[in-house]
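Here, each number is a calculation from the coordinates, and none is a lab measurement. Note that the structure is a prediction, hence the values are computed from the model and not measured. For neighbour counting, all protein chains shown are included, and Cβ atoms are generated from backbone atoms with ideal geometry for every residue, glycine included.
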Amino acid sequence: IKGAWEPAEKRAFEPWGEQLSFHATGEGFTWETQDRERDKEVAQAGWQVALKYLADEAYKLVLLDEVNIALRKAYLSVEQVLEGIARRPTNTHVVLTGRNAPDELIERADLVTEMTLIKHPLKHKHIRAQAGIEF
């Protein structure tokens, strides 16, 4: 995807080599842009990439990082995400991350976890977000 960015997480996965596929889509933090339509187009293009992974039975686990943010901002619809997940092979597990998962996803999920921030270095030590840790 034109303008695709490469997060620090990709470097963390390099030791797995061919055992793991990593595909970053998007252009970074959407709250830094002023073009909602562009953000939606980029998210939809990323969803098309996700659908290819979801449909490929070679992948036993597909992790869609921060997809719930794209849902909350209406860059993707809950219906299209549920439909894409429903098409996966039976032996493929799917992990969706991001805050505030829609009720429809929670109802359909086998496992739901909610993380609650207790303490963050930005708040108590004024340490800014660090590559490879927060992003």
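A few remarks follow.
- Table column - 3J(HN,Hα) (Hz), the stretch 80-92, Karplus curve with 6.51, -1.76, 1.60, x for Gly and Pro: 5, 5, 4, 5, x, 5, 5, 7, 5, x, 4, 8, 9
- Gyration tensor (Cα) of the stretch 52-135, equivalent ellipsoid semi-axes in angstrom: 29, 15, 12
- Peptide packing for 98-111, 58-71, 34-47 was compared via the average number of neighbouring C-beta atoms within 10 Å per residue; ordered from the highest value, the list is 58-71, 34-47, 98-111.
- Over all orientations, the stretch 51-97 has a Cα convex hull whose mean projected area works out to 2.9 square nanometres.
- Set of lysines near residue 40 by C-alpha distance (under 21 Å), chain-local residues within fewer than 8 positions excluded: 2, 52, 73
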